[in-house]
Structures are given as structure tokens and as C-alpha cells.
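Please find one structure pasted underneath; my questions will follow.
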Amino acid sequence: MSAPVGGNKPVDAGTRVGANTPVVAIVGRPNVGKSTLFNALTRGAGAITSNEPGTTRDWLEGTADLEGTGITVVDTCGWGMKTELGILMDESLSAVLAKADLAIFAVSAREPLQEDEMRLVALLRKSSLPMLLVCNKCDSPGDDAASWEFARLGLGAALPISALRRRNLAELTGRMSQLIAAGPRETGEDRPGLACVMLGQPNVGKSSIFNTLLGYRRSLVHSEPGTTRDPVKASMGKGKDKWEIVDTAGVVRRWKHAHGALVRDASSRGLRHLKGADVVALVLDATVPLGRQDLRLAQEAVGGGAGIAVALNKCDLLPPSDVVRLRAEAPPFLAKRFPDVGRFPMLPCSAVTGESMADLKAAVIELARLRRIRIPADELADLAFKWPTSGRSWRVRQTGAAPLVFAVDGPSGVHLGPRFVVNRIRDKFGLHGVPLLVKLWRDGKEFR
Ligand code: GDP
Ligand code: GDP
């Protein structure tokens, strides 16, 4: 972003906000960091920042530069002072939102999802205003896991940012320009049905999670390893909201006799089901150290092209300090081993207490959506604009969805590794938790 534009001033709700430039409204509860984000985007000091809920009042308007375009940013400040929803969506807030081209819905990684937030989103969703969910106060990668909880808001995965530390702000502005360019979103639910497979070693709690998500006992739960004899298939919901969950038998190394020798049974029952899966929920027992078999299962899931969510189950058996440590340490540990899926949701949870079960469900839904996403050709064209070139420019096309496949045709003489390309696509479009396959072409011929 370029330099600040000064002159931040309170906006009268009755006046036309930013008549000639796109308007981005920052909404959210008090204290989530809206003013701080406003300041970070406008690089001004127009809004008051304070720890006291509600000390910022009225709207504040500032100007920012968004990848070369001037935009107006509005901090909607104090709606949360008022608890009644009728007042909360008072006329002046509605007036600002009516003029906005994009709403940034800000939540805080330091607090759980609040009822007020659910209600405000439910109201906003009735309009066609595009919305971008950001989870603020993710000051370091260890805080990012907290952002998955907010997928329950139904606005997609939250982008983890830190307004204070200016973390991920470039990714934020990139998404802002995409959403503004895409224009009003279609209203109504467009969520597809999905197939989710639960994978994990015996006794980690797959059946229990499955039963908790499904709401009734379908799969046998028993504390003896390997009690789930066969994959149990069940579905929940209807129409587009239909889920299919396959609770696999604990996938342990299986061997079979073939040609007089013992060979690994590649089609062991659990893994066979990975084929049709949109998302694999890998269930790990949080009370035991991660083993080689767990890593192998995660590898199978990633290799199968499915999105991956990790449930760290049985957290009720751990002291809270261990859960905090797990939340901070497990994501970077696994992310390093599985760089091919980006940041994937990892949720400390408990099938017994129900802790984070709704978050797990929301994360799975979001991954299935990402895995089927179709990115408009012009947005992909913009992506490669600044890549190194020897004259002829790069061409990026999406050639498949579910799983996501991209073809990248580049000029000869310039080498870009597949990892570079994958990371650019992933970051630009927020495709975290799902594998991306990139086919590199050179002068019209596939070479990798
Ligand atoms: P608002 O009421 O939503 O406008 O929230 P403010 O911007 O006034 O921020 C509330 C508190 O959260 C202040 O103490 C900020 O310093 C703090 N805060 C804002 N953004 C961040 C962040 O990214 N990380 C951390 N750790 N604190 C933040
Ligand atoms: P599966 O073999 O992976 O399907 O595991 P099960 O769902 O059959 O669970 C194995 C054992 O762990 C059972 O005794 C469950 O009651 C227990 N269990 C499952 N989830 C939890 C949990 O979140 N907390 C605790 N304390 N026990 C759990």
C-alpha cells in the first residue's frame, strides 16, 4: 500500500460516503481491533484506539490505497455498545453499509465466537454486500488455529491477521481488491453437499466424533482398539447440505498374501474410501504423542487430493495449559511436514464434552467449498502480472476443480519452481487446507 491519505474525519451517516471510490466498511464487536485495523489500512491516526469497549463512537472515514486504487475505509465503531439487535443495526449503520462495496467482518482470536457476531452476520448475509472475514490479533502463526472457530459464521475461512503487528495485511488487501472487483455476491446458500471421511488410528475417537456430529449413535463405540469393524457410512442433512461421513475402521498397516509373499494391502478398507472424499477429518488422540502412523495417514489424506482438517481429540483429558500449548505448537509442527496443503484447520476438541465439534463441522464445510472453487480467468491473469519474465508473460489457467488443478505456461528461460507457483495461487485466493496441483508448461508443452 502506498502512503497515507490524511484528513480522516467522522462521517455523517446521512452523507454519501466516498461517492467516487469503493467503500470498505469494517464491522465487528467492540474491542476486536476495528480501529487498529482502520489505522493500519489508512496509516492514519484518525480513529481512537482503546481497551475500553465502546470508547470509539460515530463512524470514522479514511482513505487508503488498494493496489493502486484509492478506497474509502469506514470504521463503523460503536454499534456493539447497544445490545438490542434492532438498535444494533440502527439506521446509520444500515446507511453506511448500503453505500459500502465490501464489509470486512472483524473478529478477535483472543475471544470465542459470540452470539452477537452470529446475529450481525445473519443480518448482513441478507444483503448482497460481499463480506470478508478477518480474525484479528493473530500476532504469530501459533495464533492462527483460533481463526477456524469463526468458519461457523458461514463467511468462509477467516483470514488470520494482526492489525497491530501488520501481519498478513498484504494478503488482506489482495483479497479486498478481488472481492470489490467481483461485485455483489449472490445471496442464498450455495453450499454443496460433501463427503467427509474420518481417518485415524484405532481408539482415537473417530466413532465418537462421528456420533456427536451426527447427533445419534450409528457407529459402535468401544474402548478396545479396532472395534469399528467395517467402514460405517452415514449421512446427515438434506439437499445441498447433505454430508456423507465414512467412519473408517482404524487404518493400521494391513498385509495380505500375494504371490506367496506378504505385501502391504494398498486398498485397506479405510484408505479405499479416501478416493471419493472431499475432506478428510484426521482424528488424532491429543493425549498421546504423534506417531509415524499418524503422519502416514495424514500423507495418504493429502496425497488423495482431499482437503484436510485435523481433530486433536480427547482434549478434555488434558490440563488447560497443555491444550494452550498444543494449540500453539501442533499447527506449525504439522504444517512443516505437509507444506502441500498450506495452513489447514487443526482443532483441539472433545467428542465427550462436545468442545469444538461445531467448529470441526464448519471447517469441513469450508474446505469442501474451497476444493470446488472456480477462479475467474481474469483474476488468475492478474496473479502472474509481476512474476519474473523474459518477455512473454505467464499464463495461469484453472483446469480442474475438486481437486484443484492449475496449468501454468511460462516463457522459456525463466524457471519458477512448482512450490513458488502453488504458494502464490494459494495465498492470493486463500486456498488453505486443500491440495493444489500445478502443471508447468513451457512454450506450449507440459514439462513437469
Ligand atoms: P475496536 O473497539 O474494535 O475498534 O478495537 P480497537 O482497535 O480499539 O482495539 C482494542 C484493543 O485490542 C486495543 O487494546 C488494541 O491495542 C488491541 N488490538 C488491536 N489489534 C490487535 C492485534 O492485532 N493484536 C493484539 N495483540 N492486540 C490488538
Ligand atoms: P475409534 O476407534 O477411533 O472409532 O474410537 P471410539 O470413538 O470408539 O473411542 C474410543 C474410546 O475413546 C471410547 O472409550 C470413547 O469413549 C473414548 N473417547 C472418544 N472420544 C473421546 C474424548 O473426546 N474424550 C475422552 N475422554 N474419551 C473419548
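Considering only residues that are away from ligand 1 (no atom under 16 Å from the Cβ) and either in contact (Cβ under 8 Å) with a residue 40 or more places away in the chain or assigned to a loop (DSSP other than H, G, I, E, B) (or both), which ones fall in region 94-111?
A95, L97, K99, A100, D101, L102, listed by residue number.
Can you spot a residue in region 170-183 that is more than 16 Å from ligand 1 (Cβ to nearest atom), more than 30 Å from N31 (Cα to Cα) and at pLDDT 75 or above?
There is no residue in region 170-183 that is more than 16 Å from ligand 1 (Cβ to nearest atom), more than 30 Å from N31 (Cα to Cα) and at pLDDT 75 or above.
Would you please list the contacts, defined by Cβ atoms under 8 Å and residues six or more apart or on different chains, that run from a residue in region 297-319 that is among the small types (G, A, S) to a residue that is surrounded by fewer than 17 Cβ atoms within 10 Å (Cβ to Cβ) and assigned to a helix (DSSP H, G or I)?
Pairs found: A298/R337; G304/K275.
Quick one: count up the residues across region 324-371 that are in contact with a Cys (Cβ under 6 Å, 6 or more places away or on another chain) and of a type in the set (D, E, K, R).
1
Something else: Does A145 satisfy the criteria of being in the same structural domain as V24 (by TED's automatic domain parsing), modelled with pLDDT of 90 or more, crowded, with 22+ Cβ neighbours inside 10 Å and not in a loop (DSSP other than H, G, I, E, B)?
On the way: in the same structural domain as V24 (by TED's automatic domain parsing): yes; modelled with pLDDT of 90 or more: no; crowded, with 22+ Cβ neighbours inside 10 Å: yes; not in a loop (DSSP other than H, G, I, E, B): yes.
No: the conditions fail for A145.
For the condition in a loop (DSSP other than H, G, I, E, B), in contact with a strand residue (DSSP E or B) (Cβ under 8 Å, 6 or more places away or on another chain) and at pLDDT 50 or above, what is the one hit in V17, V32, V73?
V32
Mind checking which residues of region 311-356 are under 19 Å from C196 (Cα atoms) and surrounded by fewer than 17 Cβ atoms within 10 Å (Cβ to Cβ)?
Residue satisfying the conditions is G354 alone.
Might you let me know whether region 374-386 holds any residue that is in contact with a Leu (Cβ under 6 Å, 6 or more places away or on another chain) and surrounded by 15 or more Cβ atoms within 10 Å (Cβ to Cβ)?
no
The values are calculated or read from the model by the stated rules, or taken from the named source; none is laboratory data. Note that this is a predicted model, so its numbers are computed, not measured. So basically every Cβ, Gly included, is an ideal-geometry build from the backbone, and we count neighbours across all protein chains shown.
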